[in-house]
Amino acid sequence: MKAEHGTLAIPDDPTPWVIVHSKEEKHWCVLWLQGWTSTIEGHLGGIERMAQKSGVAFAMLDYAGHGSHPTTLDKSTKQSQHIETLAAYDELTKLGYKHIIVIGGSFGGYMTALLTGKRTPKAVVLRAPAAYPNDEFELPNSKTRQYTGSGSDRFGFDKDPEAHMGSIAFEAIAGYTGAVYVLEHEDDEVIPKIIPRTYFSHAKHGNYLLIPNTKHSPKTMPSPEKNIAYIEHLLVSIIKLVQLTP
């Protein structure tokens with residue numbers, strides 16, 4: 001596998017990113033949007049494995065406040081991170097990739113949902129996806145519940161499904177015409193179950209899958225190797241399924 005590192009061309013925002021591929025063919029690509037505080041360095045091995053098994057190129061970025069990005073986490077905003085994900089998607093189209101699948105985990109699931117409101121990927125995968133209050137979108141992250149809350153309060157939602165209806169992330173999924181695959185982690189101790197289920201209730205079509213015996217972050221489990229391998233196998237299977245879909 002070949003990993004090409006670079007910087008996205010965003011004014012006043014030098015965002016690191018990487019593309020992993022094994023061939024020059026540019027028919028398919030996955031944009032991998034990682035979770036809160038996760039980095040290219042921490043995910044590179046995983047996306048290399050999935051790129052190898054699927055035969056599809058993978059790209060990802062370090063959002064503002066993440067990894068080697070020069071902006072600190074407290075000064076970053078979800079709005080700036082959203083702009084960066086759009087820039088990564090647009091760069092893939094400029095490079096000639098015809099079909100883009102976006103896969104987002106946790107915070108990356110929220111970013112993936114927002115992306116569907118501005119772009120039209122072939123399909124999206126929301127794995128243990130987060131959601132956040134609209135009034136925090138433009139705030140520095142140091143001012144949000146992400147920093148100051150705990151448990152489900154971090155997301156500003158209670159367990160009433162009606163409380164989710166106004167989220168810009170859910171609205172984006174509601175307007176998206178592609179397939180939406182939502183993956184819930186059975187033992188998720190971070191994301192309230194109502195969040196992935198509400199995402200799926202807004203999707204026009206797709207599928208809902210439960211990943212058994214898995215916490216929010218498999219890496220925090222005593223023996224995470226089997227869980228991680230299961231998730232990667234499932235994602236590669238979804239990629240291959242999407243490729244067969246007209």
Residue list for segment 192-235, restricted to those being assigned to a loop (DSSP other than H, G, I, E, B) and either polar (S, T, N, Q) or touching an Asp or Glu at 6+ places or on another chain (Cβ under 8 Å) (or both): K193, P212, N213, T214, K215, H216, S217, S223
Can you run down the residue pairs with Cβ atoms below 6 Å, 6 or more apart or on separate chains, where the first is in segment 180-207 and within 13 Å of G109 (Cα to Cα) and the partner is of a type in the set (K, R) and surrounded by fewer than 22 Cβ atoms within 10 Å (Cβ to Cβ)? none
For segment 41-142, which strands (runs of 3 or more DSSP E) that fit wholly inside it have 1 or more residues that are buried (at least 20 other Cβ atoms within 10 Å of the Cβ) and touching a Gly at 6+ places or on another chain (Cβ under 8 Å)? 99-105, 123-127
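Bear in mind these aren't lab numbers, they're just calculated from the coordinates by the rules spelled out. Just so we're clear, the structure is a prediction, and the values are computed from it rather than from any experiment. Neighbour counts are summed over all protein chains in view; Cβ atoms, including those assigned to glycine, are modelled from backbone coordinates with ideal geometry.
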